[in-house]
1. Can you tell me which residue in region B:295-316 is farthest from the other protein chains (Cβ to nearest Cβ), limited to those that are modelled with pLDDT of 90 or more and over 18 Å from B:Asp231 (Cα atoms)?
2. Which pairs do you get when a residue that is closer than 19 Å to B:Glu269 by Cβ, found in region B:212-236, comes within reach of a residue that is at pLDDT below 75 and of a type in the set (Lys, Arg), reach meaning Cβ atoms under 9 angstrom, with the pair 6+ apart or on two chains?
3. Just need a number here: residues in region B:257-278 that are in a loop (DSSP other than H, G, I, E, B) and either modelled with pLDDT under 90 or touching a Ser or Thr at 6+ places or on another chain (Cβ under 8 Å) (or both).
4. Which members of region A:173-227 meet the condition of being free of Cβ contacts under 8 Å to residues at least 12 places away in the same chain and either assigned to a strand (DSSP E or B) or within 24 Å of A:Lys139 (Cβ to Cβ) (or both)?
5. Considering every residue within region B:66-82, establish whether at least one is among the charged types (D, E, K, R), under 15 Å from B:Trp135 (Cβ atoms) and surrounded by 11 or more Cβ atoms within 10 Å (Cβ to Cβ).
6. For A:Leu155, only one of the following conditions fails: (1) free of Cβ contacts under 8 Å to residues at least 24 places away in the same chain; (2) over 23 Å from A:Asp51 (Cα atoms). What is its number?
7. Regarding A:Ile138, is this residue part of a strand (DSSP E or B) and either touching a His at 6+ places or on another chain (Cβ under 6 Å) or within 29 Å of A:Tyr98 (Cα to Cα) (or both)?
8. For B:Gly198, all conditions in the list (1) away from every other protein chain (no Cβ under 14 Å); (2) buried (at least 17 other Cβ atoms within 10 Å of the Cβ); (3) not polar (S, T, N, Q) hold save one; what is the number of the exception?
Amino acid sequence: MKSIKALIIDDERSARAEMGRMLKKYPQVTVIGEAADADEAQDMILLLKPDLLFLDIQMPGRSGFDLLESLEHLPHVIFVTAFDTYALQAFEVSALDYLMKPVREERFAKAMDLVLKGLEEKAEPTVFVKDRGKYFLIKWHTVHLVESVDNYARLHFGTEQVLLRSSLNKLEDNPDCSMFFRASRGQMFNLNFVRSAEKNDEGMTVLLQTGDRIQLSERQAVKFRNLRFS
Amino acid sequence: MRKDPNISRYWKCQLAGWTIASLYWTFTGALYGGFQLGLGLAQLISDVLLYVLITHLYRNFALSNKWQDLALDRLVPRLVIAIPVMAVIYTLVTVLKLYGIKALFPHPGHQSLELFFRLNGLNIFMAGIRLMAIWLLAYHLYHYARREIRIAGEKSKLELSFKEAQLNNLSAQLNPHFLFNALNTIKSLIYTQPDAAGRGVDLLSELLRSGLYKGNTMLVPLEEEIAIAKDYLELESLRLEERLSYEFDIEENIPQVSVPRLSVQTLVENAVKHGIVHEKSGGKVSVSVSFRDDLLVIRVLNPGTLTLTEEGSGIGLQNLKERLLIRYKGKATFNLCQNDKQVCAEIKIPVI
């Protein structure tokens, strides 16, 4: 099995050293770097493309949450924090694991079990969104519709919606979002959610399983049909 | 007058008391010698007016001499004199009043004032002693009780505030973030620098001891308080390493003085928590202690910016402000200010 690349992000050197020490027991994990703040971490993530982040929340400058928000492709994340119950309460989706410093050996082993299992299977692309003071960790395959709102993209999933600071063009280029089809300038929808499509005068109407109707122009309708029959 | 319920209560008691007394006299008089409406009314009105007047004058005299603030042992001798004096005044007023009413309402048998006084003076004086004793004791005991209640209230407020301080302090010392970070640092040092780890355990123990198990002492010697602040900063610098530096500048002319427990510690903790840790490159916490015009001035400087939310939200600082206010009755001050990317927290404590 190929080695797992991990990045440790904490403003305290001793805390990073301690995490590194604990990771020594896992030969399948290679620590490819350490970062002392979010800016440094962001550069390293873009450059080294780690599979796994050990991330502190409170850091000088941008927080750990801010860092995740600025990432287009999210690696697997484990929060390591001294005491941030209030920050963790802000989680709408608690899919991320978190460890409390000092980290107990047994607890660490449990978290690592999950990570190793998760990384073996094909990871599901996710996105980290902060909206109205809450944090959401959303799997792209659960999102059925994305709409453009000013400088934001409104993600519709289930009965909820959140605003992500991103343009539709940017999302279209993101390999994590390959299941989406650009219907028009303002909308893109998840191909896995399509129930039926119907031709009409202006082009085509796509009906999603959620009941949403999306209008495609003549040009996009041709593209859509080619996609379906190819 | 209506604004102050004590004054209005005083007037209610005055009017009700003297009216009841006067009605009682009229009633007993009627039992013996028949009742005349005009005479009865004149007695009632003059009784209430005159006796309210003389006792009110006494009250003003007592108030202006602050008798209401006297302890019981100092008040009693004054009352022993005041009661007979008031009884004499009562006698004079009453004799003149009764003689005047007698003249207004023609009565068989004319007496000279002198004879009237000789016949009735002693009885009236004895009644005066009784009445004035009742009035003065009621008045002063009422105020004495109120004062006791007030003092007890202030005392319990001080105690409560201290208990709160102790609790807050417990949660501040054991500020989970601080405590667990410190423990994590020590854990890491155990493997890399065992000596530093040992030092960390010593410092943390000392802080826990002074924060939790020092009992009810509200004031501690300044040196002791400075030592706690130094321990705190040393422990934090094990964690923050080169990001935290600190210096103490203590003038030599400082007298032997006590300060509220954990006052300096609260200031340096805030300097680290709201200042240093937000700066990527860290900075220096400077503590200076000086003595000017009978005031002890403790000043803590740290890099950072003061934000309104931080100013309002610090439980530790809020609690320190309250403790200073109660302990020094407004003569101690606390100030937070910002100049040129430095935050300055300063307390001034009067040295008596």
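1. Filtering region B:295-316 down to residues modelled with pLDDT of 90 or more leaves B:295-303.
Then drop every residue that is not over 18 Å from B:Asp231 (Cα atoms), which leaves B:295-297, B:303.
Values: B:Leu295: 36, B:Leu296: 33, B:Val297: 30, B:Pro303: 11 Å.
Per the stated criteria, the residue is B:Leu295.
2. B:Val220/B:Lys214
3. To start, the set of residues in region B:257-278 that are in a loop (DSSP other than H, G, I, E, B) comprises B:257, B:261-262.
Checking the rest, the ones that are also either modelled with pLDDT under 90 or touching a Ser or Thr at 6+ places or on another chain (Cβ under 8 Å) (or both) come to B:261-262.
Looking only at that region, the number is 2.
4. A:Asp173, A:Ser178, A:Ser196, A:Glu198, A:Asn200, A:Thr205, A:Gly211, A:Arg213
5. Pass one, region B:66-82, residues among the charged types (D, E, K, R): B:66, B:69, B:73-74, B:78.
Add one more test, that the residue is under 15 Å from B:Trp135 (Cβ atoms), and what stays is B:78.
If we keep only those that are surrounded by 11 or more Cβ atoms within 10 Å (Cβ to Cβ) as well, we get B:78.
Checked region B:66-82: at least one residue is among the charged types (D, E, K, R), under 15 Å from B:Trp135 (Cβ atoms) and surrounded by 11 or more Cβ atoms within 10 Å (Cβ to Cβ).
6. (1)
7. On the way: part of a strand (DSSP E or B): yes; either touching a His at 6+ places or on another chain (Cβ under 6 Å) or within 29 Å of A:Tyr98 (Cα to Cα) (or both): yes.
Yes.
8. Of everything listed in (1) away from every other protein chain (no Cβ under 14 Å); (2) buried (at least 17 other Cβ atoms within 10 Å of the Cβ); (3) not polar (S, T, N, Q), B:Gly198 misses just condition (2).
The values are calculated or read from the model by the stated rules, or taken from the named source; none is laboratory data. Computed from a prediction, not measured in an experiment: that's the story for all the values here. Cβ atoms come from the backbone with ideal geometry, glycine included; neighbour counts cover every protein chain shown.
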